[in-house]
Amino acid sequence: MNDEQLLRYSRHLLLEEIDVSGQEKLLNSHALVIGAGGLGSAAAPYLSAAGLGHITLIDHDQVEITNLQRQIMHAEARVNQSKVASGKQFLLGLNSGIRIETIEAKATSSLLDELLPIVDIVLDCTDNFSTRHLINASCVKHEVPLVSGSALRFDGQITVFDPRNTASPCYACIFSPDEHFEEVSCSSMGIFSPLVGIIGAMQAAQAIQVLVGFGESLVGRMLLWNARTTQIDEFKMSRNPECSVCGKPH
């Protein structure tokens, strides 16, 4: 690190769990953030501010006025602009010393097959089951750790799936791809504004923890945040040996 970086990240360097070696790991890491909406608007800025050296941001949507209630990476002046372009502008405003790449497209299997071999971690900040299953399958295939978050109304959840860990379940172990869940969205159900900030910031924290390698990440555990009661519940998860994605047959 140069003198400017030593000063910028000095508060990280004071933490024994991170120190110079951990900060250098972050500076040399590449994170893929899928979704530049509510969750991504909290996760990506904290990764940027923390000095994660290379961030690729994927989203196909444009900024709408209804997004501004919670998607703090965007602004009134950028309504109708692509979310990834708006996000890049915000992130570089926080930290011009990192690399931000943008892809204005939906996540597809072919796109993820192209990207995952060159990234160190994936943050799923999307809002539908089909895309989450697609991302999970790609992460299992390429053995890339996945930080998964979701938020709706007053309820949020977060966990980490790490295919490099033989004991780690994957998303399909918990939510079977064969089951049909009713897709619901913020536009029809509503969302408590700070909730996406809380879950998204926790996603960034988990990503940093996994990349640096300190403490205990949420592998094998899921946190449920209830914003009505300000209560956090946790339940443990185990790998399903018959899982259609990560089980023995596959």
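If you go through the stretch 98-127 one residue at a time, how many are surrounded by 14 or more Cβ atoms within 10 Å (Cβ to Cβ) and not acidic (Asp, Glu)?
Selection size over the stretch 98-127: 16.
Can we say Ile72 is touching an Asp or Glu at 6+ places or on another chain (Cβ under 7 Å) and either part of a helix (DSSP H, G or I) or on the phi < 0 side of the Ramachandran plot (or both)?
When the stated conditions are applied, Ile72 does not pass them.
Counting only residues that are over 30 Å from Glu104 (Cα atoms) and modelled with pLDDT of 95 or more, give me the helices (runs of 4 or more DSSP H) lying completely in the stretch 1-66 with at least 3 of them.
3-8, 10-13, 19-27
Any residue in the stretch 152-168 that's touching a residue at least 60 places away in the same chain (Cβ under 8 Å) and under 15 Å from Ala137 (Cα atoms): show its pairings with residues that are among the basic types (Lys, Arg) and part of a loop (DSSP other than H, G, I, E, B) at Cβ separation under 8 Å, as long as the two are six or more apart or on different chains.
Ser168/Arg239
Can you tell me which residues in the stretch 99-115 are assigned to a loop (DSSP other than H, G, I, E, B) and of a type outside the set (Ser, Thr, Tyr)?
Glu104, Ala105, Lys106, Ala107
Considering every residue within the stretch 26-38, establish whether at least one is over 20 Å from Pro194 (Cβ atoms), out of contact with any helix residue (DSSP H, G or I) (no Cβ under 9 Å at 6 or more places or on another chain) and surrounded by fewer than 24 Cβ atoms within 10 Å (Cβ to Cβ).
Scanning the stretch 26-38, I find at least one residue that is over 20 Å from Pro194 (Cβ atoms), out of contact with any helix residue (DSSP H, G or I) (no Cβ under 9 Å at 6 or more places or on another chain) and surrounded by fewer than 24 Cβ atoms within 10 Å (Cβ to Cβ), so the answer is yes.
When the stretch 75-104 is examined, which residues are found to be within 19 Å of His30 (Cα to Cα), touching a residue at least 24 places away in the same chain (Cβ under 8 Å) and touching an Asp or Glu at 6+ places or on another chain (Cβ under 9 Å)?
Matches in the stretch 75-104: Val84, Gly87, Lys88, Gly97, Thr102, Ile103, Glu104.
Cβ-Cβ distance below 8 Å, separation of 6 or more or different chains: which pairs start in the stretch 226-238 with a residue that is touching a residue at least 24 places away in the same chain (Cβ under 8 Å) and polar (S, T, N, Q) and end on one that is surrounded by 10 or more Cβ atoms within 10 Å (Cβ to Cβ) and assigned to a loop (DSSP other than H, G, I, E, B)?
Asn226/Phe154; Ser238/Pro169; Ser238/Gly220
The values are calculated or read from the model by the stated rules, or taken from the named source; none is laboratory data. Computed from a predicted model, the values in this text were never measured in an experiment. Please note: Cβ atoms are built from the backbone with ideal geometry, for glycine as well, and neighbour counts cover all protein chains shown.
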